[in-house]
């Protein structure tokens with residue numbers, strides 16, 4: 001008898017899978033773990049995804065709400081082919097990096113106050129990381145077990161962003177760098193990633209007004225890089 005599928009259950013499955021993979025990693029996570037977290041039988045999960053690889057792929061694609069979830073007629077989600085998950089992450093990275101305010105700033109001569117430009121770059125970087133929070137955490141957690149994801153995330157992703165930030169810092173001669181440009185660039189990226197992504201899974205996190213975070217980070221980091229008393 002064909003399994004009956006519910007349009008409402010699939011997003012809940014994706015969310016439960018993402019949280020389980022983040023908590024346990026890819027190798028330790030079993031389909032039964034996700035079924036238990038969702039409160040359904042393991043056989044029910046197989047009605048929505050073909051296997052554990054397909055479940056990870058679904059979590060990477062849909063957990064952040066960036067892509068619309070498939071209709072029940074398109075389920076179960078099939079297992080990804082070799083290299084398909086890496087290609088998915090690479091494509092999404094490429095699209096998001098291309099839209100960054102940082103990339104725009106690198107392609108044009110500066111117009112307006114430097115403080116405002118740098119603040120926009122940091123705020124936009126934070127918001128971009130936050131929008132892809134779950135998939136970033138998933139890749140970061142599982143990359144050590146899945147080398148194809150590690151190559152994309154730590155190469156094209158993190159290294160690419162650090163390189164672009166380094167280039168920007170070196171071009172804006174008026175900035176006062178407290179250390180080597182690559183170190184400052186990495187500090188900016190990791191500070192944004194900490195607040196946009198990782199602290200949301202911190203078991204000891206304190207209540208924070210998340211709406212205040214991007215402006216706070218931008219103000220803190222910008223003031224630390226501008227010459228004292230400068231507003232340009």
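The values are calculated or read from the model by the stated rules, or taken from the named source; none is laboratory data. Remember, predicted model here, so these are calculated numbers, not experimental data. Using ideal geometry, Cβ is built from the backbone for each residue, glycine included, and neighbour counts are taken over all protein chains shown.
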Open item on the list: Which count do you get for residues in segment 195-217 that are in a helix (DSSP H, G or I) and surrounded by 11 or more Cβ atoms within 10 Å (Cβ to Cβ)?
Closed with: 12
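When you scan segment 172-182, how many residues do you find that are surrounded by 13 or more Cβ atoms within 10 Å (Cβ to Cβ) and either modelled with pLDDT of 95 or more or over 21 Å from residue 98 (Cα atoms) (or both)?
Here is the first cut: in segment 172-182, the residues surrounded by 13 or more Cβ atoms within 10 Å (Cβ to Cβ) are 172, 175, 177, 181-182.
Within this subset, residues satisfying the condition of being either modelled with pLDDT of 95 or more or over 21 Å from residue 98 (Cα atoms) (or both) are 175, 177, 181-182.
So the answer is 4.
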Task: Enumeration of residues in segment 129-156 that are farther than 22 Å from residue 23 by Cα and touching a residue at least 60 places away in the same chain (Cβ under 8 Å) - done: 156
- [ ] State all residues of segment 104-114 that are buried (at least 18 other Cβ atoms within 10 Å of the Cβ) and touching a helix residue (DSSP H, G or I) at 6+ places or on another chain (Cβ under 8 Å); if no residue qualifies, say none.
- [x] 105
TODO: Would you tally the residues in segment 116-149 being surrounded by fewer than 17 Cβ atoms within 10 Å (Cβ to Cβ) and more than 20 Å from residue 221 (Cα to Cα)?
DONE: 5
Open item on the list: If I ask for residues that are under 22 Å from the mean Cα position of the chain (by Cα), surrounded by fewer than 22 Cβ atoms within 10 Å (Cβ to Cβ) and in contact (Cβ under 8 Å) with a residue 40 or more places away in the chain, which ones from segment 10-58 would you list?
Closed with: 11, 15, 22, 25, 26, 27
Open item on the list: I'd like to check which helices (runs of 4 or more DSSP H) are fully inside segment 118-181 and have at least 1 residues that are farther than 18 Å from residue 193 by Cβ.
Closed with: 147-150, 160-171
